[in-house]
Structure formats: structure tokens, C-alpha cells
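Coordinate-derived values only; no laboratory data. Values in this document were obtained by computation on a predicted structure and should not be read as measured data. Glycine also receives a Cβ, built like all others from the backbone with ideal geometry; neighbour counts cover every protein chain displayed.
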Amino acid sequence: MNSTQATIRLGRKSILRNNEDYYNLIFLNHMLGGYFGSRLMKNIREEKGLTYGIYSSLNAFKNDSIFLIGADVNKDKIDLVLSEIKKELNDICFNPLSKKELKLAKSHFIGTTQIDMASPFSVMEKIKRIQLYDLDPSFYQRLFDKVESFDETDQLHLANKYLTDSEFIEVVVS
């Protein structure tokens, strides 16, 4: 097959939902690549036009978890995109977020999470998740509280603990 596109995935083992850092890591993921205004999306899609979409996600299962970054790009841009992803990982590890960026990300995260809990079905999903993963019943309230208090110190500490680019495994399929 003669494809012009490649799929990029960078992943690493991560933490479970019962880890105290999980709340803040969810939010750190949101800022890195969890919404349209995230750092990966701004840099690699909006500023450089290298992909239609790029994301990061924290996928926690019952007994394991993975932190994942993914994008589909033109084959001739693979190295550039990987370089830009690593640049963003390095930046979030060593440079504090601006107050403006932090405030915007907090507002977006809290707003979308509240909207996600607006129907009886989504509330049941949250209750099911609490039961399935044996989480504290106050899990979602604690998530909101942690996001509200999240600051640059939390960002730098968590990013250096969980997002250093040397820990990621790269897979490129073209």
C-alpha cells in the first residue's frame, strides 16, 4: 500500500486511579493534549499545520495504565512532529505555565467535566467507575478540588515525574 500518512503513538506506563497523583495528572494531560486549546494542539496543529488532530490521554484500567500521545501526519513530517512533541514534553517539564494558560485550562476542564455529568446516564457511568475501580465516593469532588488548587509547582513536579520524554516508547506506522 502506498500511503501518504503515518500514525504516530508515544506511550509510557502510568499510574492507577487510586494513586494520589492521578487527579493532577488528569489535569496535566488536559493541558498537554486533552482539549482543542492544549499545548500539542496549538503548536502542532494550529501554528505549524502538521496534523488535523493531536492528543494526549491518560488511560487507566483496572490493573495498569498508559499515558499516550497520538497523531496522524504526512510521512514526510514524522521527524518534525516527533521533535515538536518532545519539545512540548520538555517545555511542560521545565517551564512553568503562565497564569493565563492555567486559568483557561482549569475553566475548560471543570466546565467540560460538569457538562459530562449533566445526564442521568453520565452520572451512572461515574458511579459505575467508582464501583469498578474501588474508588473513594468523593473521587470526582476531589478531582475538582485538586484542579482548582493546581499550580505551577504541581505542574513541574508531576511533569518531571511522569512525562519525561526519555520514558516514552515511540511507534510509527506508515
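Worth a mention:
- Net lengthening on full extension, residue 127/residue 4 (0.36 nm per residue, minus Cα-Cα): 39.9 nm
- Counting only Cα atoms, the size of the range 1-81 along its three principal axes is 43, 29, 16 Å, in decreasing order.
- Spin-label zone in the range 1-38 - amide nitrogen under 14 Å from a point set 7 Å from the Cα of residue 169 along the C-beta vector: 9-14
- Computed Kirkwood radius, in angstrom, where 1/r is averaged over Cα pairs of the range 27-71: 10.8 Å
- Percentage, to the nearest whole number, of Cα pairs in the range 5-173 over 23 Å apart: 40 percent
- To the nearest ten degrees, helix 120-132 and the longest principal axis of the Cα atoms of the chain are 90 degrees apart.
- Viscosity 1.567 mPa s, temperature 4 °C, Stokes-Einstein D of the range 83-174 from Kirkwood C-alpha radius, µm²/s: 83 µm²/s
- Dipole check for the range 5-173: with +1 at the C-beta of Lys and Arg, -1 at the C-beta of Asp and Glu, and the Cα centre as origin, the magnitude is about 260 Debye.
- Dipole magnitude of the range 62-134 about its Cα centre (Cβ charges: Lys, Arg +1; Asp, Glu -1), debye to nearest 20: 300 debye
- 29 Å Cα-Cα threshold exceeded, pairs from 42/146; 75/100; 99/161; 100/128; 42/161: 75/100; 100/128
- Sequence-separation-based contact order of the chain, relative, with Cα cut under 8 Å and 6+ spacing, percent: 35 percent
- Cβ-based net charge around residue 11, under 10 Å, with every Lys or Arg adding one and every Asp or Glu removing one: +1
- Label-to-label distance, nm, for residues given as residue 104 and residue 59 (7 Å Cα→Cβ offset): 2.9 nm
- Residue 52-residue 145 FRET efficiency (beta carbon distance; Förster radius 30 Å; 0.05 resolution): 0.30
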